[in-house]
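Contents: one structure, followed by commentary.
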Amino acid sequence: MESVTGMTPTAPRSDEPLLRVEGLTKSFGAAPVVNNVSFEIRSGEIVGLIGPNGCGKSTVIKMLSGFHEPNAGRIHKAERNGCPVTLAFVHQDKGLIPTLTIVENLALGVGYTQNQVGIDWDAANAAAEKLIQEFHIRGEPASEVGSLAPVDATLVAIARALSRITPGAPSVLVMDEPTSSLGEEETARVLQAARKAAAAGVGVLFVSHRLDEVIAVTDRVLIMRDAVLVADRATSSLTKDQMIELMLGRTLESTIHKVRSSRSDHVVLRVTNLTGRRLKGCSFDLHVGEIIGVTGLLGSGKSELGRMLFGIQTSVSGDIEVDGAKVTIASPKQAPKLGIGYVPPDRRALGGILNMTALENFTLPSLGSFVRRAFLRRSREEAAVLAWMQKAKVVPPFPNQDFGLFSGGNQQRLVYGKWIHLSPRILVLDDPTVGVDVGAVRDLYEIIQEEAAKGCAILLLSAEWADLPRVCDVVLVLDQGRPVASLSGPALTADGIAAAAFGHSQAAAPKPSYN
């Protein structure tokens with residue numbers, strides 16, 4: 001399992017494509033989800049693939065991988081010196097087996113080094129340890145992937161894909177939202193690995209909703225909308241706003257309008273010196289109608305705070321009060337009874353059941369409200385789900401489609417809806433816009449603000465520093481688990497958040513860089 005970072009630059013890129021896609025089309029019903037898509041990827045170039053949720057990007061990737069058969073069109077893989085092109089993938093859902101170890105997951109699709117008696121475990125563990133160190137994965141070769149934090153599992157998937165690429169062989173690396181759960185430092189390493197692969201002659205297809213990354217790392221960008229490829233342009237020829245306009249078919253204001261705070265004087269949630277494995281002495285008051293953001297660098301403890309408030313993880317010490325009464329939230333079953341809803345960061349693993357329908361997922365926490373005289377009123381269920389789908393702009397608006405068949409952003413809208421339908425008094429949102437397109441981000445924040453205006457108290461755990469000042473009344477900044485700043489009013493800016501998170505003065509606060 002040789003690392004891509006061991007590659008050496010080759011000759012300048014060739015004009016002959018490594019991969020050519022012609023007229024690719026796929027339908028799951030009457031309407032195509034990918035319609036007559038054509039593009040090429042050449043040696044040594046990084047090509048971005050962008051578009052709103054549900055436009056067909058992931059379906060294109062799944063056809064390239066062979067997971068889906070196209071209804072029409074062809075995929076041509078070049079052959080160099082008798083060697084066919086290798087396609088290596090980092091899928092949106094990672095494709096890892098949680099009960100296997102890091103070294104076992106790395107070997108999937110790559111294989112083990114053999115010796116005279118069988119698997120050469122020393123070689124396999126040494127190769128795994130090299131990748132663990134290179135990507136700063138918090139784990140050992142023998143660690144089960146299911147025990148890893150989401151960011152470390154993502155890095156295992158990336159390392160596995162890169163390890164398949166052999167120096168000098170024709171290869172295309174396909175990366176489907178590889179950085180969606182990563183912080184700035186980890187993102188920079190991933191983008192640098194993509195650049196090194198391209199410098200060695202690998203063609204790279206890079207799918208992301210983070211347009212700053214696309215602009216920073218790609219040579220060319222493919223833009224999809226409504227199942228169709230609407231643009232194939234040099235990245236340098238487009239501004240970020242032009243990309244957004246092509247993605248959405250309309251202009252989008254760059255800012256999220258902050259509405260007047262609906263905060264009342266009543267404290268609905270009080271957290272005092274809450275401490276967990278990573279969180280250290282966190283305290284704050286959350287008022288009715290208030291939106292408090294909690295942020296920090298990767299590993300700051302914000303997600304642990306959300307898990308403890310919903311009973312997924314127990315605290316080591318500290319107190320939680322709801323309406324002035326101390327509570328112990330021992331399980332996720334207890335939290336909704338206290339009026340607490342929770343949207344987790346990993347919607348596929350924790351937010352929904354993939355092989356159940358959108359309707360079944362939506363009504364699962366509130367099923368009793370649809371029962372009358374011991375009968376489940378299906379028509380009321382469908383009416384509630386359809387009303388939410390229309391409000392949240394879920395595409396496609398099919399209540400009986402499996403949750404797992406919706407795009408990531410539309411899954412997120414459905415997860416939002418199932419908790420908002422319960423009218424929670426407290427709503428905890430952990431990175432709710434991860435993997436969500438720019439249009440959906442605005443829609444989701446507007447829904448958050450509407451819920452706050454109705455009196456819901458919202459705790460927004462997010463790494464999106466630019467968005468927090470536009471949505472929140474207060475932002476609590478954590479550093480290595482400890483609160484280091486509480487920002488509000490004129491002090492609540494993206495630069496102020498960065499300054500607190502990095503421990504610098506605002507003037508010296510570093511800016512994200514993907515160069």
(request) Search the stretch 274-297 for residues that are outside the structural domain of LEU182 (by TED's automatic domain parsing) and pair each with any residue that is of a type in the set (A, V, I, L, M, F, W, C) and part of a loop (DSSP other than H, G, I, E, B) when their beta-carbon atoms are under 6 Å apart and the residues are at least 6 apart or on different chains. (result) THR275/VAL316; GLY276/VAL316; ILE291/CYS472; GLY293/CYS472
(request) Find all pairs meeting these conditions: Cβ atoms under 7 angstrom apart; at least six residues apart or on different chains; first residue within the stretch 63-81 and in contact (Cβ under 8 Å) with a residue 40 or more places away in the chain; second residue among the basic types (Lys, Arg). (result) HIS68/LYS26; HIS68/LYS62; PRO70/LYS26; ASN71/LYS26; HIS76/ARG20
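Out of the stretch 16-35, which residues are surrounded by fewer than 21 Cβ atoms within 10 Å (Cβ to Cβ) and either among the β-branched types (Val, Ile, Thr) or touching an Asp or Glu at 6+ places or on another chain (Cβ under 9 Å) (or both)?
Narrowing the stretch 16-35 to residues surrounded by fewer than 21 Cβ atoms within 10 Å (Cβ to Cβ): 16-17, 20, 22-23, 25, 27-32, 35.
PRO17, ARG20, THR25, ASN35, listed by residue number.
Regarding the stretch 190-206, can at least one residue be identified that is under 19 Å from the mean Cα position of the chain (by Cα), crowded, with 20+ Cβ neighbours inside 10 Å, modelled with pLDDT under 85 and within 24 Å of GLY409 (Cβ to Cβ)?
Step one: filter the stretch 190-206 for residues under 19 Å from the mean Cα position of the chain (by Cα), giving 190-191, 194, 205-206.
Okay, now just the ones that are also crowded, with 20+ Cβ neighbours inside 10 Å, so 190-191, 194, 205-206.
Next cut, modelled with pLDDT under 85 only: 190.
Keeping just the survivors that are within 24 Å of GLY409 (Cβ to Cβ) gives 190.
Checked the stretch 190-206: at least one residue is under 19 Å from the mean Cα position of the chain (by Cα), crowded, with 20+ Cβ neighbours inside 10 Å, modelled with pLDDT under 85 and within 24 Å of GLY409 (Cβ to Cβ).
Counting only residues that are among the hydroxyl-bearing types (Ser, Thr, Tyr) and surrounded by fewer than 17 Cβ atoms within 10 Å (Cβ to Cβ), which one in the stretch 344-399 is nearest to ARG307 (Cα to Cα)? Reasoning before the result, please.
Of the residues in the stretch 344-399, the ones among the hydroxyl-bearing types (Ser, Thr, Tyr) are 357, 363, 366, 369, 379.
Those still in the list that are surrounded by fewer than 17 Cβ atoms within 10 Å (Cβ to Cβ) too: 366, 369, 379.
Working: SER366: 21, SER369: 26, SER379: 34 Å.
Filtering the stretch 344-399 for residues that are among the hydroxyl-bearing types (Ser, Thr, Tyr) and surrounded by fewer than 17 Cβ atoms within 10 Å (Cβ to Cβ), the one nearest to ARG307 (Cα to Cα) comes out as SER366.
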(message) Here are the criteria: (1) surrounded by 19 or more Cβ atoms within 10 Å (Cβ to Cβ); (2) at pLDDT 90 or above; (3) over 27 Å from ALA463 (Cβ atoms); (4) not basic (Lys, Arg). Tell me which single one GLN334 does not satisfy.
(response) (1)
(message) With under 25 Å from the mean Cα position of the chain (by Cα), of a type outside the set (A, V, I, L, M, F, W, C) and modelled with pLDDT under 95 as the only criterion, which of GLU16, GLU2, GLU104, GLU79 stands out?
(response) GLU104
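Condition test on LEU229, is it outside the structural domain of VAL436 (by TED's automatic domain parsing), of a type in the set (A, V, I, L, M, F, W, C) and farther than 28 Å from SER300 by Cα?
Yes.
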(request) Scan (1) in the same structural domain as GLY455 (by TED's automatic domain parsing); (2) touching a strand residue (DSSP E or B) at 6+ places or on another chain (Cβ under 6 Å) for the single condition ASN400 breaks and write down its number. (result) (1)
(request) Within the stretch 31-82, track down each residue that is farther than 14 Å from VAL174 by Cβ and among the hydroxyl-bearing types (Ser, Thr, Tyr). (result) SER38, SER43
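Name the residue that is surrounded by the most Cβ atoms within 10 Å (Cβ to Cβ), counting only residues in the stretch 92-106 that are of a type in the set (Val, Ile, Thr) and outside any loop (DSSP other than H, G, I, E, B).
So, considering only residues that are of a type in the set (Val, Ile, Thr) and outside any loop (DSSP other than H, G, I, E, B), the one surrounded by the most Cβ atoms within 10 Å (Cβ to Cβ) is ILE102.
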(request) Among the residues of the stretch 265-310, write down those that are under 17 Å from VAL428 (Cα atoms), surrounded by fewer than 20 Cβ atoms within 10 Å (Cβ to Cβ) and either touching a Pro at 6+ places or on another chain (Cβ under 6 Å) or acidic (Asp, Glu) (or both). (result) ASP285
(message) Cβ contacts < 6 Å: first residue in a loop (DSSP other than H, G, I, E, B), restricted to the stretch 131-158; second residue of a type in the set (D, E, K, R), any location; separation 6+ or different chain. Result?
(response) ILE137/ASP152; ARG138/ASP152; GLY139/ASP152; PRO141/GLU129
(message) Can you pull out every residue in the stretch 217-258 that is in a helix (DSSP H, G or I), polar (S, T, N, Q) and at pLDDT below 95?
(response) GLN242
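Check whether at least one residue in the stretch 109-130 is among the basic types (Lys, Arg), in the same structural domain as PRO17 (by TED's automatic domain parsing), touching a residue at least 12 places away in the same chain (Cβ under 8 Å) and assigned to a loop (DSSP other than H, G, I, E, B), and report yes or no. Quick ask: steps written out before the conclusion?
Looking only at the stretch 109-130, we keep the residues that are among the basic types (Lys, Arg), and these are 130.
The next check asks that each one be in the same structural domain as PRO17 (by TED's automatic domain parsing); those that pass are 130.
Now restrict to residues that are touching a residue at least 12 places away in the same chain (Cβ under 8 Å): 130.
Within this subset, residues satisfying the condition of being assigned to a loop (DSSP other than H, G, I, E, B) are none.
The answer is no; no qualifying residue exists.
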(request) Of all residues in the stretch 185-205, count the ones that are among the aliphatic types (A, V, I, L, M) and in a helix (DSSP H, G or I). (result) 8
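Quick check on my filter: what residues within the stretch 107-123 are surrounded by 13 or more Cβ atoms within 10 Å (Cβ to Cβ) and among the small types (Gly, Ala, Ser)?
Answer for the stretch 107-123, where residues must be surrounded by 13 or more Cβ atoms within 10 Å (Cβ to Cβ) and among the small types (Gly, Ala, Ser): ALA107, GLY109, ALA123.
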(request) Determine which single condition THR357 fails, assuming it passes every other condition in (1) among the β-branched types (Val, Ile, Thr); (2) under 16 Å from the mean Cα position of the chain (by Cα); (3) closer than 27 Å to PRO32 by Cα. (result) (2)
(request) From the list ALA501, ALA452, ALA485, ALA440, pick out the single residue that is at pLDDT 90 or above, part of a helix (DSSP H, G or I) and buried (at least 16 other Cβ atoms within 10 Å of the Cβ). (result) ALA452
(message) Take the conditions assigned by TED's automatic domain parsing to the domain that holds VAL484, assigned to a loop (DSSP other than H, G, I, E, B) and farther than 21 Å from PRO432 by Cα and apply them to SER264. Does it pass?
(response) yes
(request) Evaluate the following for PRO345: is it touching a residue at least 60 places away in the same chain (Cβ under 8 Å) and under 13 Å from TRP419 (Cα atoms)? (result) no
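What do you reckon, is PHE39 aromatic (Phe, Trp, Tyr), assigned to a loop (DSSP other than H, G, I, E, B) and either out of contact with any Cys (no Cβ under 6 Å at 6 or more places or on another chain) or more than 26 Å from ASP241 (Cβ to Cβ) (or both)?
no
Based on this model, can you work out whether GLN412 counts as surrounded by 24 or more Cβ atoms within 10 Å (Cβ to Cβ), in a helix (DSSP H, G or I) and not small (Gly, Ala, Ser)?
Numbers: surrounded by 24 or more Cβ atoms within 10 Å (Cβ to Cβ): yes; in a helix (DSSP H, G or I): yes; not small (Gly, Ala, Ser): yes.
Spelling it out, GLN412 is indeed surrounded by 24 or more Cβ atoms within 10 Å (Cβ to Cβ), in a helix (DSSP H, G or I) and not small (Gly, Ala, Ser).
Residue check: is LEU182 in the same structural domain as SER236 (by TED's automatic domain parsing), within 20 Å of LEU106 (Cα to Cα) and not in a loop (DSSP other than H, G, I, E, B)?
Details: in the same structural domain as SER236 (by TED's automatic domain parsing): yes; within 20 Å of LEU106 (Cα to Cα): yes; not in a loop (DSSP other than H, G, I, E, B): no.
No, not satisfied.
The values are calculated or read from the model by the stated rules, or taken from the named source; none is laboratory data. Worth saying up front: this structure is predicted, and the values here are computed from it rather than measured. Reconstructed Cβ throughout: ideal geometry from the backbone, glycine too, with neighbour counts over all protein chains shown.
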